[in-house]
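Presented below is the structure to which this report refers.
The values are calculated or read from the model by the stated rules, or taken from the named source; none is laboratory data. Predicted, not measured: the structure shown is a model, and the values here were computed from it. We place every Cβ from the backbone using ideal geometry, glycine too, and count neighbours over all the protein chains shown.
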Amino acid sequence: MKMDYKIYLTVRVYVDEHMDIEVLKPHNSQYGINGKEIIEPLRKVNGMEYCIRDVSEEFTVEDLWHWIDHKVYGDSMVFSLGKYLVFDNVRYIVEDIKLPLKYYLDRMSFNPENVVDVQILLSENAGDVFRDDGIRYYMHSRERGKHNEPHVHVDVRHEYFGSFSILDGRKLTDDYIKAKDIKKIQKKIADNRGPLIEFWNLHTDGLTVDLNQKWELIHY
């Protein structure tokens, strides 16, 4: 059975505990620490309603998240967005994005013919890279001497902490992290390696990575 989903997108940008309203205003020349490339596309989708037509009942939250990423950034996929379902003005983290969207709508007694609210959250806190599936990925502003290679720190639902190599996803610390979470972290790093290294080069004082050499585009 095919169905249509109406999706209403809102964007919230925050710093510390406060929302930054100004950065999303259409004609504001200031884009905050995230920059024009990330903020300008978000301005265009904020407050917009879209219709996703002729999808099956098995259309997953992951499918929806990918659809939104593409709607915002097209094929460039310059940034990984934190996305939440909203019911009665309350944001909900989706724990298993592999499940059908309809599964969660049914759990909330929500009529799938109504407009589904989705909220995008973006941090302006220096050091935050992105959050996904309850896992926070971040970098410290001064990294020199802690490890020998570019890395990202993780906070897994405030239960486990650790560091992973951006270059190959290796776990760099001895901290205990569940195997399923390690797999998620390594996939997230692999899927976002380019942006992560760019963030490392721009926002930390760690060693700069020569990507051409690392990926054998040059041989010297």
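Using the structure shown, decide if D16 is more than 30 Å from L101 (Cα to Cα) and modelled with pLDDT under 90. Quick ask: steps written out before the conclusion?
Details: more than 30 Å from L101 (Cα to Cα): yes; modelled with pLDDT under 90: yes.
So D16 fits the description; yes.
Give segment 20-60 a look and list any residue that's among the hydrophobic types (A, V, I, L, M, F, W, C), more than 27 Å from N111 (Cα to Cα) and surrounded by fewer than 12 Cβ atoms within 10 Å (Cβ to Cβ), or say none.
The one that is among the hydrophobic types (A, V, I, L, M, F, W, C), more than 27 Å from N111 (Cα to Cα) and surrounded by fewer than 12 Cβ atoms within 10 Å (Cβ to Cβ): I21.
Any residue in segment 49-62 that is within 17 Å of Y84 (Cβ to Cβ) and in the same structural domain as T10 (by TED's automatic domain parsing) sitting within a Cβ distance under 6 Å of a residue that is modelled with pLDDT under 95 and part of a strand (DSSP E or B)? List the pairs, counting only those 6 or more apart or interchain.
T60/P100
Could you check, for segment 75-94, whether at least one of its residues is in a helix (DSSP H, G or I) and within 18 Å of the chain's Cα centre (by Cα)? Working first, answer last.
Going through segment 75-94, the residues in a helix (DSSP H, G or I) turn out to be 75-76.
Next, only the ones that are within 18 Å of the chain's Cα centre (by Cα) stay: 75-76.
Yes, segment 75-94 has at least one match.
To keep it simple, each residue is scored yes or no on (1) closer than 29 Å to Y31 by Cβ; (2) at pLDDT below 85; (3) hydrophobic (A, V, I, L, M, F, W, C); (4) in contact with a Phe, Trp or Tyr (Cβ under 7 Å, 6 or more places away or on another chain).
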site: Y138; (1), (2), (3), (4): yes, yes, no, no
site: H151; (1), (2), (3), (4): yes, no, no, yes
site: G169; (1), (2), (3), (4): no, no, no, no
site: A190; (1), (2), (3), (4): yes, no, yes, no
site: L211; (1), (2), (3), (4): yes, yes, yes, no
site: L217; (1), (2), (3), (4): no, yes, yes, no
site: Y220; (1), (2), (3), (4): no, yes, no, no
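Would you confirm whether any residue within segment 196-204 is over 22 Å from L81 (Cα atoms), at pLDDT below 90, in contact with a Gly (Cβ under 8 Å, 6 or more places away or on another chain) and surrounded by 12 or more Cβ atoms within 10 Å (Cβ to Cβ)?
Initially, segment 196-204 is screened for residues over 22 Å from L81 (Cα atoms), giving none.
No - not one qualifying residue is present in segment 196-204.
The rows are residues; the columns are (1) modelled with pLDDT of 85 or more; (2) closer than 19 Å to I7 by Cα; (3) hydrophobic (A, V, I, L, M, F, W, C).
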{"site": "K83", "(1), (2), (3)": "yes, yes, no"}
{"site": "A126", "(1), (2), (3)": "no, no, yes"}
{"site": "V129", "(1), (2), (3)": "no, no, yes"}
{"site": "D133", "(1), (2), (3)": "no, no, no"}
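Which residues, counting only those in segment 5-37, are in contact (Cβ under 8 Å) with a residue 60 or more places away in the chain and under 18 Å from V118 (Cα atoms)? Walk me through how you get there before you give the answer.
If we filter segment 5-37 for residues that are in contact (Cβ under 8 Å) with a residue 60 or more places away in the chain, which is where we start, we get 5-16, 20, 23, 32-34.
Hits for segment 5-37 are Y5, K6, I7, Y8, L9, T10, V11, R12, V13, Y14.
Looking at I21, I97, which one is among the hydrophobic types (A, V, I, L, M, F, W, C) and under 14 Å from the mean Cα position of the chain (by Cα)?
Unique residue meeting the criteria: I97.
Can you pull out every residue in segment 95-121 that is crowded, with 16+ Cβ neighbours inside 10 Å and part of a loop (DSSP other than H, G, I, E, B)?
I97, F110, listed by residue number.
Taking only segment 158-175 into account, find how many residues are within 22 Å of I197 (Cβ to Cβ) and assigned to a loop (DSSP other than H, G, I, E, B). First the steps, then the outcome.
Step one: of segment 158-175, the residues within 22 Å of I197 (Cβ to Cβ) are 161-173.
With the extra rule that they be assigned to a loop (DSSP other than H, G, I, E, B), the set shrinks to 166-170, 172-173.
Residues flagged as within 22 Å of I197 (Cβ to Cβ) and assigned to a loop (DSSP other than H, G, I, E, B) within segment 158-175 amount to 7.
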